[in-house]
């Protein structure tokens, strides 16, 4: 397969920027197609900008704050999402599901199945469908909808449904949040251990600038760099690079021979390994436009 068609599905814009945006940027640089499906605006999550505005004296608030309503705030979040897509270069699909009210239901499964039939991805990337905190939040619900939609799309038939089924999803890669995986890359470590690590060092500036767009959640500036240094940097340390993103596949992989990627073949022993490059995410200049803080352009 010389060119991959990748479909990433995120519950919120913040997941779009934070979870696998480095991997998306890498594949786009290779010439692959990446479509990011963001199912909600995340307007009920981490309302940092709104909280800050409420604390300010009235004369210091955004001039449009007095007229703020749910639709205006969703548009604010939509612009953030569109800026993230522009920075990464992905094709963006917004489903406009209601944040914090994402349930496993027939309509959502069928909407996602129709997208799969349209996009025809080779690879699907989404969050893990397991909710370890038992809060039943949007992330595992979205992943469960995606898994069922893949099954529905696979089993469509022209005679019964007026459309051919799509059986081309070759692999699912689950992204792993910072608190879900164990601190190791050994398959003998108890707990959830990622089985794929992607070195995102070469595109880390794009990922930082993608997170810089999340003004509504207060993720821009120092917070974006702290997320990358403390989380992606730790993942990089585990994976043997400056920055990395971890993934877990739902089942074991069959190979025609023992897999030996270039990162293994080309490894040269050193007495002390300091992974990465001179680049430090903390030194990346801001990617937040001045207009990002305004409710309306």
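The values are calculated or read from the model by the stated rules, or taken from the named source; none is laboratory data. For clarity, every value in this text was computed on a predicted model and none was experimentally measured. Neighbour counts are summed over all protein chains in view; Cβ atoms, including those assigned to glycine, are modelled from backbone coordinates with ideal geometry.
Among the numbered criteria (1) in a loop (DSSP other than H, G, I, E, B); (2) over 20 Å from residue 215 (Cα atoms), which single criterion is violated by residue 59?
(1)
Looking at the structure I just gave you, is residue 109 surrounded by 15 or more Cβ atoms within 10 Å (Cβ to Cβ), within 22 Å of the chain's Cα centre (by Cα) and either at pLDDT below 95 or in a helix (DSSP H, G or I) (or both)?
Details: surrounded by 15 or more Cβ atoms within 10 Å (Cβ to Cβ): yes; within 22 Å of the chain's Cα centre (by Cα): yes; either at pLDDT below 95 or in a helix (DSSP H, G or I) (or both): yes.
Taking the combined requirement at face value, the residue satisfies it.
(1) assigned to a helix (DSSP H, G or I); (2) farther than 28 Å from residue 130 by Cβ; (3) within 21 Å of the chain's Cα centre (by Cα): which one isn't true of residue 263, the others all being true?
For residue 263, the failing item is (3).
Of all residues in region 36-56, how many are in contact with a helix residue (DSSP H, G or I) (Cβ under 6 Å, 6 or more places away or on another chain) and not in a loop (DSSP other than H, G, I, E, B)?
6
Identify, please: which residue in region 62-78 is farther than 12 Å from residue 294 by Cα and in a helix (DSSP H, G or I) and is, among those, nearest to the chain's Cα centre (by Cα)?
The first filter runs over region 62-78 and keeps only residues farther than 12 Å from residue 294 by Cα, leaving 66-67, 69-71, 74, 78.
Remaining after also requiring in a helix (DSSP H, G or I): 66-67, 70-71, 74, 78.
Values: 66: 33, 67: 32, 70: 24, 71: 24, 74: 19, 78: 16 Å.
Among them, the one singled out is 78.
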